[in-house]
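The values are calculated or read from the model by the stated rules, or taken from the named source; none is laboratory data. Worth saying up front: this structure is predicted, and the values here are computed from it rather than measured. Every residue, glycine among them, receives a Cβ derived from its backbone with ideal geometry; neighbour counts consider all protein chains shown.
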Amino acid sequence: MKLLTVPASRGVSWMLGGFQVFVRQPLAYTALFMAFLFGLMLLISVPGIGALLALVLVPAANVGFVLASEAVQAGRVPSPALLVAALRSARPRTVVMLQLGLAYAMAALVAMWLIERVDPDFDASLAAFVKQAQGATEAQLPDSNVQSGLLLRLLLPLPVTVLFWHAPVVVHRSNVGVAQALFASVVACWRNRGAFALYGLAWGLLPALFGLVLLAFFSLIGQPQLAVLPLVPLLLMCSTAFYASLHFSVADCFDFGEPPVPLV
């Protein structure tokens, strides 16, 4: 396994690669993403430990999306079975993947707990802003409490994202433990921080741009409330393309020196 470094401009290429993969197999990839969401909802509905189980399996599912993009590039149709491919490897590697999933779940829960401790009144502030905005005749910006709450929820999970971005694929493709996979993920993200900055910025701006264009168009025809109708499928497409783009960020940061794991 070798760490690679790429120019910052590659971050935009990762996003575009996700859309290219999605366009080649839109129905199959949408079905894969919906299966992912449905599986998460089923797990979350399990009383007591459902949310924990869902978080534990997220890293393995991320490997599935990487394998799905590789399948599309190889001319194959991605199957929802890819979502659990990382759990059907050799037993030692599967055990490490589950350990990684447990570590991810703990880190995510700690981040969520810290957010609630630091800003426990965010939900009330956001609800008040939405209520005021619905009755306002002109567009208004959220107050400082809402803005700081949104910024906190954007920045505080960032260390967890950096820790676990590459780690699932590193575990799946290499004979390393959880600590080594997390270290490799952090180093890869740092070495390619420019590309990841542009990648994150592109994915943050694109949905906002879609929303503004749609709102402007429907406002011109006097029906601004209809903007949400095309926005929902567009956001679904963006979410699916985002998961499709995970492969490109991994492929540009690592050379595993071996052919990909056989695709389902």
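Looking at segment 108-121, can you tell me whether even one residue there is within 30 Å of LYS2 (Cβ to Cβ), within 22 Å of the chain's Cα centre (by Cα) and at pLDDT 90 or above? Show your work before the answer.
Applying the first criterion (within 30 Å of LYS2 (Cβ to Cβ)) to segment 108-121 yields 108.
Right, trim to within 22 Å of the chain's Cα centre (by Cα) and you get 108.
Narrowing the set further to residues that are at pLDDT 90 or above leaves 108.
Yes; the residues of segment 108-121 include at least one that is within 30 Å of LYS2 (Cβ to Cβ), within 22 Å of the chain's Cα centre (by Cα) and at pLDDT 90 or above.
Residues are listed down the side, and each one gets a yes or a no for (1) under 25 Å from TRP113 (Cβ atoms); (2) of a type in the set (Asp, Glu); (3) within 17 Å of the chain's Cα centre (by Cα):
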site: SER9; (1), (2), (3): no, no, no
site: PHE22; (1), (2), (3): no, no, yes
site: ILE44; (1), (2), (3): yes, no, no
site: ALA60; (1), (2), (3): yes, no, yes
site: VAL63; (1), (2), (3): no, no, yes
site: PRO92; (1), (2), (3): no, no, no
site: VAL95; (1), (2), (3): no, no, no
ask   = What are the pairs, 6+ residues apart or on separate chains, where a residue within segment 169-193 that is touching a residue at least 24 places away in the same chain (Cβ under 8 Å) has its Cβ under 6 Å from a residue that is buried (at least 24 other Cβ atoms within 10 Å of the Cβ) and assigned to a loop (DSSP other than H, G, I, E, B)?
value = ALA188/HIS166
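For the structure I just gave you, tell me whether PHE164 is touching a helix residue (DSSP H, G or I) at 6+ places or on another chain (Cβ under 7 Å), modelled with pLDDT under 85 and either among the aromatic types (Phe, Trp, Tyr) or within 16 Å of VAL250 (Cα to Cα) (or both).
Working: touching a helix residue (DSSP H, G or I) at 6+ places or on another chain (Cβ under 7 Å): yes; modelled with pLDDT under 85: no; either among the aromatic types (Phe, Trp, Tyr) or within 16 Å of VAL250 (Cα to Cα) (or both): yes.
Here the answer is no, as PHE164 does not meet what is asked.
Per-residue answers, yes or no, for (1) at pLDDT below 80; (2) of a type in the set (A, V, I, L, M, F, W, C):
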residue: ALA197; (1), (2): no, yes
residue: GLY200; (1), (2): no, no
residue: TRP203; (1), (2): no, yes
residue: SER219; (1), (2): yes, no
residue: LEU236; (1), (2): no, yes
residue: TYR243; (1), (2): no, no
residue: SER249; (1), (2): no, no
residue: GLY257; (1), (2): yes, no
